[in-house]
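Undergrad: One structure follows; several queries about it will come next.
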Amino acid sequence: MEPPQNPGRFNYGKGESHYVFEAIKADCIKQIVMDVVMHDEAAYRDSVVSAYKWRVQRRQREIERREEELQRAAEKKRKALEDLLRSRIEMMSTAVASMNYSDQIRNLIAAMQVKSESAKQPIKDLERWVRWASHHANTIDPRHMSAQGFEAWIGKFKLKH
């Protein structure tokens, strides 16, 4: 630091303010005190405004986060409902296909029995095949489910009311 050129001169600076006083008097001290108070008040106001802006931004981010969370939850619920409806339709389609297929097997059994009756000699193992084919048709036919099996199948539909 340079030695002062004029020993009676007083320099003061804070922030953007800089003063040079020829002598320390009451007005000089009053000016310095006012400058310190004004500088500190401005810094306080800046911190209050900055904290307010930060709280507003934080609140806005929280609102956006909650909206996104609600959207994700709604999308998850929508997808679960779509999956459930798709599953229900698939189960019914499978049941109808199984019922139709079992009817086709029974029609085949009937056709083979008619064919057997018109044959000149008995068809070997026809009765065994008829028992097996009938059992298979009954096994895949949803109309032949037990009451418990039927309840379990309906339970897969996850109906609420």
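The values are calculated or read from the model by the stated rules, or taken from the named source; none is laboratory data. What you are looking at is a predicted structure, and each value in this text was computed from that prediction instead of being measured. No Cβ is skipped: glycine too gets one built from the backbone with ideal geometry, and neighbour counts run over all protein chains shown.
Undergrad: Give the residue that is surrounded by the most Cβ atoms within 10 Å (Cβ to Cβ), with candidates limited to residues of the range 102-161 that are assigned to a helix (DSSP H, G or I) and β-branched (Val, Ile, Thr).
TA: Ile109
Undergrad: On to the next question. Can you run down the residue pairs with Cβ atoms below 7 Å, 6 or more apart or on separate chains, where the first is in the range 35-61 and within 24 Å of Val20 (Cβ to Cβ) and the partner is surrounded by 10 or more Cβ atoms within 10 Å (Cβ to Cβ) and modelled with pLDDT under 95?
TA: Pairs that qualify, where the first residue is within 24 Å of Val20 (Cβ to Cβ) and the partner is surrounded by 10 or more Cβ atoms within 10 Å (Cβ to Cβ) and modelled with pLDDT under 95, are Asp35/Lys14; Asp35/Ser17; Val36/Lys14; His39/Lys14; His39/Gly15.
Undergrad: Yes or no: Glu117 of a type in the set (D, E, K, R), on the phi < 0 side of the Ramachandran plot and modelled with pLDDT of 95 or more?
TA: Against the criterion (of a type in the set (D, E, K, R), on the phi < 0 side of the Ramachandran plot and modelled with pLDDT of 95 or more), Glu117 does not qualify.
Undergrad: Right, next: State whether the residues of the range 17-28 include one that is in a helix (DSSP H, G or I), at pLDDT below 95 and surrounded by 10 or more Cβ atoms within 10 Å (Cβ to Cβ).
TA: Yes, there is a match, as at least one residue in the range 17-28 is in a helix (DSSP H, G or I), at pLDDT below 95 and surrounded by 10 or more Cβ atoms within 10 Å (Cβ to Cβ).
Undergrad: Among the candidates Tyr44, Tyr101, single out the residue that is over 30 Å from Lys158 (Cα atoms) and out of contact with any strand residue (DSSP E or B) (no Cβ under 6 Å at 6 or more places or on another chain).
TA: Tyr44
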